[in-house]
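Coordinate-derived values only; no laboratory data. Note that the structure is a prediction, hence the values are computed from the model and not measured. Glycine also receives a Cβ, built like all others from the backbone with ideal geometry; neighbour counts cover every protein chain displayed.
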Amino acid sequence: MKDEFKPRIIGFLCNWCSYAGADLAGTSRLQYPPSLLPIRVMCSSRVDPLFVISAFLRGADAVLIAGCHPGDCHYQEGNYYARRRFACVRKVFETLGMESDRLRLSWISASEGPRFANVITEYTEKIKKMGPNPAKKNIFL
Amino acid sequence: MKVAKIKVKDNIEKTVLSFLRETIDKKLFDAILIPMMVPAGDSYAWVLAQDKSLLDGAYYLPPIMSVQGAKALSSVTKGGKVNKRVAAIMRPCEIRAAIELSKLNQIELENIFLISMDCPGALPLKDWLKDPKRGVDVFKKVIQHFVDEEPKPDKSVRPACAICHRFSDSDAVDLHIGILGTEGEDILFIPHSTQAEAIFAELGLSLNENLSRWQKGVDEVLKQRKKKRAQVQEELKSTVVGFDKLLDTFSNCINCHICQSVCPICYCRQCYFDSDKVKHPPDDYLMRAESKGNISLLPDKILFHLGRMSHMALSCVGCGACEDACPMSIKVAQIFSLIADRSQGLFNYIAGKSIEEPLPMRVYEDDEFHEVESP
Amino acid sequence: MSSVLKLSRSAEEGLRELLKFLLEKKRVKAVFTLCKIKKNGTVSYSLITDADMLKDALPLFPLMPQNAGKLLSRLTLKEHLAEPIAAVVRPCELRAFIELVKREQGSLENFIFISTTCPGTYPLEMSVNGDISKKLPEYEEDVKKGNVISDTRPICKACEHFMPYSADMTVALIGEKDIDKNCEIFLNTEKAEKLIEGMDGELVERELETEEVKNLRSKRQEEKRKLFEEINVEGLGLSGLVETFGRCIGCHGCSRVCPICYCVLCDFDSRDYENEPSTYESELKKRGGVRVPPNTVLYHLGRLTHVSVSCVGCGMCTDVCPADIPLSTIFLKVGEEVQKIFNYIPGKDVEEAIPLNKFEKDEFTEVED
């Protein structure tokens, strides 16, 4: 039997909302695919576009940035900047004909354990359909 | 000296590669650092290859030097020794740069097996890029001329290569691949370390003592290159020596510092000339302008080049990467070769020749250089 | 309508006379302009304080040896100018400088900017062979006719922003039939009008935006379309990027000459991007082989995300690239698309904040999932 493709998703989760949301999903014993490799950042705006591209080129099948809902940022407005940066990096991907669906921005609050599980489940399914990241095997990157 | 002589099958390139493949098969090495053709087929990039099949796209002696090999080796070993046995196959000037970098603690040679070859030179990047397909053929001719029983200089190689007289220097390597004087029929694998001899034994290569054809080829090319070097340096003296001429030569410089960034010896993470030290308040520039009526911006172009020269001339291996990459086609490498010969000569030092020889600026003797002291 | 100072001499001589006047009357402390440096006709940006030295100035010479924006930033990085300097710069250079000022890498204070309707420049490579002076008559003819000039840099041929946005004075060149006899200097600001007080010459009123200018704009748009088509930026994908950037030699010259890349130490030259041998070992495990030094595509993609919002399309990157990578085409295309979503033209207005330094509460909801 051929090995089933199990997506690897790198998640940059903000400390105050999404990381806590992930914790809640765990303590609530919600089931979701083990595809996420979470990296805790203090705020979604801490994520330099380079982190995203770096993860992608090193072979992550997808990169998720998750933070507090707009208006709820622990630092007042960090996530608004994050959203602009994300829009920019996605546009770069689109303009160069790269699969921008491999990048995702989601707002998940500390109380949204079920939403966290949903986002991961749904995104994993989507990436599964897309197949592995072609960057994974390229040696000339 | 004993060597292993291998008959060339198809061509030199393929024969060397099949030798390398065998070393991986027999688990003598875990990985090989070697240039590979890039997917577009228009250049070569260094690849650390573990997978034997990758060697199909490898070239032990590519027509161009896109990245100085010592820079590649430094990237792999700067952080410390590799836990794999790696064979690195590089041009002699790249080996010499690697030796210098190891003295400068930018390369860790433990577990690295160095292989060099008789090097005919490389094509200028600018010429190559105009038509890489043609470049491949041009380079084939270069090799043919080089290995001929009566070797002929080839005009298509880079200026730095045309005057290179260390094309076959192999003191610091483990294994040297000799192709000179063979008419492309044989390859000589010349061991320089016990490790190399052990590998020969493992591969069942028999040793042979006939080096005369190769030695003749080496001597002939050496004679030609030395002559050319003297001639080029003599011509250069008339155009660059003297302050005004030097100024004139570097006045084209556009401050891109690409010469520094491609130089294997310029290893500083941040060059002094990019640092805050060279950024001044506007009055500084204005005062300098006023003293002459007119200054070219940025000023200190010449300071950059002379500064770089004084920092690295003692370790300059004459690889020509600087000149190859200069967007203004300044004869950087040729000028540096002139300076390097003289400054290294002063200390009886040849950059990268031997790993044991300390960097001249790291040692001193109590009783020397009195001629530079004023009474 | 703007007021225009009309001098009855060629555009270049007229401009030189203006600069001379400003220096002699001590209205400026110095002049920043292109200047002849060698017999073979190469030029360099220079800072001139002595009016007599202006005889060597070639303010309209069609070559960009460095992006002047980068140089002006170097001049005013530590302090702003205490006394006025007149700087003759191309529109893209002025825009680059303004982007740098927004990043606190320089100051506009006490600068008087003199720019032109820019016909474009020749590749640096051409200056190496000393061919440019031979090209000048042909160049001038094309400028007069308002043509896209053959053999100028592809990025110049495709440049739409050839009218300066915030110059104090603009020398009209494009489509001006008699630039060999007349020099028309548009006075865009009060400061400009004051500066030329007392200078011989006729003051007239006219429009800068002529039919020829409009025509050239549409011709350039067409050129741009062709240029993008040639590289097929949008069809690159990952494999296309690997092919395009595959021949990169890692010199990082593009970032060194880029006016927007102002970082003292680029991330990619920093310790963060020096690998431990273990990184290589894990890459080998994953891929069986790894390019050394690594991160070629990452470097270019990273630079794209960092500078695209401010890329002015000056073309210096392509000009110096030893590997002939069509960087400026890719950067222009990506830059345009990114700038479009923020409705931003880099370097147009110093008051306008850099898009990534501001936000609206209700925007870009389409990128959220």
Subject >> Top of C:Glu140, C:Glu274, C:Glu283 by mean-square fluctuation, Gaussian network on chain C, Cα under 10 Å >> reply: C:Glu283
Original post:
Which of A:Met130, A:Met98, A:Met42 moves the most in a Gaussian network model of chain A with Cα springs under 10 Å?
Top reply: A:Met98
Subject >> Length-normalised contact order of chain B in % [C-alpha pairs under 8 Å, at least 6 apart] >> reply: 18 percent
**OP:** Please list the non-local residues whose amide H lies under 5 Å from the amide H of B:Asn252, H modeled 1.01 Å from N, same-chain partners needing a gap of 5 or more.
**Re:** none
Original post:
Using a simple charge model, +1 on the beta-carbon of Lys and Arg, -1 on the beta-carbon of Asp and Glu, nothing else, what dipole does chain B show about its Cα centre, in debye to the nearest 20?
Top reply: 860 debye
Original post:
When the Kirkwood radius is taken over all Cα pairs of chain B, what Stokes-Einstein diffusion coefficient follows at 10 °C and 1.306 mPa s, in µm²/s?
Top reply: 72 µm²/s
**OP:** No other cysteine beta carbon under 4.7 Å away is the test; run it over chain B and list who passes.
**Re:** B:Cys119, B:Cys161, B:Cys164, B:Cys253, B:Cys256, B:Cys268, B:Cys271, B:Cys316, B:Cys326
Original post:
What is the spin-label model distance, in nm, from A:Ser111 to C:Cys263 if the labels are put 7 Å beyond Cα along the C-beta direction?
Top reply: 4.0 nm
**OP:** Tabulate in residue order the Karplus-calculated ³J(HN,Hα) for the range B:341-357, using 6.51 cos²θ - 1.76 cosθ + 1.60 with θ = phi - 60°, rounded to whole Hz; enter x for Gly and Pro.
**Re:** 4, 6, 6, 5, x, 4, 9, 6, 10, 10, 4, x, 6, 9, 6, 6, 5
**OP:** Treat every Asp and Glu Cβ in the range A:9-134 as -1 and every Lys and Arg Cβ as +1, leave all other atoms uncharged, and give the resulting dipole magnitude about the Cα centre to the nearest 20 debye.
**Re:** 160 debye
**OP:** Using only alpha carbon positions, build the gyration tensor of the protein assembly as shown, then give the equivalent ellipsoid semi-axes as the square roots of 5 times its eigenvalues, largest first, whole angstrom.
**Re:** 47, 40, 24
Subject >> Estimated FRET transfer efficiency (B:Lys26, B:Asn83; beta-carbon r; R0 25 Å; 0.05) >> reply: 0.80
Subject >> Inter-site label distance for C:Ser133 and B:Asp131 at 7 Å from Cα along Cβ, in nm >> reply: 3.2 nm
Original post:
Roughly how tilted is helix C:327-341, in degrees to the nearest 10 and between 0 and 90, from the longest Cα axis of chain C?
Top reply: 90 degrees
Original post:
Could you give the distance between the Cα centres of the range C:268-296 and the range B:157-174, to the whole Å?
Top reply: 29 Å
Original post:
Relative contact order for the range B:232-372: what is it in percent, counting Cα pairs under 8 Å that are at least 6 residues apart?
Top reply: 28 percent
Original post:
To the nearest 10 degrees, how steep is helix B:12-25 against the longest Cα principal axis of chain B, on a 0 to 90 scale?
Top reply: 70 degrees
Original post:
Non-local amide H neighbours of C:Arg206 (under 5 Å, H modeled in plane, Pro and chain starts lacking H): which ones?
Top reply: C:Ser2, C:Val4
**OP:** Just grab the label-to-label distance for B:Gln231 and C:Asp349, each label 7 Å out from Cα along the Cβ direction, in nm (one decimal).
**Re:** 6.5 nm
Subject >> Selection from B:Val173, B:Cys256, B:Gln231 lying farthest towards where the dipole of chain B points positive, charges on Cβ >> reply: B:Cys256
Original post:
What size of dipole, in debye to the nearest 20, comes out for the protein assembly as shown about its Cα centre when the only charges are +1 on Lys and Arg C-beta atoms and -1 on Asp and Glu C-beta atoms?
Top reply: 1380 debye
Original post:
In what order do C:Ile37, C:Ile260, B:Ile350 fall by count of nearby beta-carbon atoms within 10 Å, going from fewest to most?
Top reply: B:Ile350, C:Ile37, C:Ile260
Original post:
Span-like helices, chain A: DSSP H, alpha-carbon axial extent 24 Å or more, mean Kyte-Doolittle -1.0 or greater, which ones?
Top reply: A:78-95, A:113-130
Original post:
What list of ³J(HN,Hα) values in whole Hz, one per residue of the range C:70-81 in order, does the Karplus curve 6.51 cos²θ - 1.76 cosθ + 1.60 (θ = phi - 60°) give from phi, with Gly and Pro shown as x?
Top reply: 5, 6, 5, 5, 4, 5, 10, 5, 7, 8, 7, 5
Subject >> Residue with peak Gaussian network fluctuation, chain C [Cα springs, cutoff 10 Å], from C:Ser270, C:Ser46, C:Ser115 >> reply: C:Ser270
**OP:** Only helical DSSP H runs with n ≥ 4 go in: add -39500 (n - 2.57) per run for the protein assembly as shown, normalise by residue count and round the 222 nm mean residue ellipticity to 500 deg cm²/dmol.
**Re:** -12000 deg cm²/dmol
**OP:** Return, in residue-number order, each cysteine of chain C whose C-beta is not under 4.7 Å from any other cysteine's C-beta.
**Re:** C:Cys35, C:Cys118, C:Cys156, C:Cys159, C:Cys183, C:Cys248, C:Cys251, C:Cys263, C:Cys266, C:Cys311, C:Cys321
Subject >> All lysines inside 19 Å of C:Lys358 as judged from Cα atoms, apart from same-chain residues fewer than 8 positions distant >> reply: A:Lys91, C:Lys102, C:Lys340, C:Lys348
Original post:
Taking only Cα atoms, what is the 0 to 90° angle, nearest 10, from helix B:132-147's long axis to the longest principal axis of chain B?
Top reply: 70 degrees
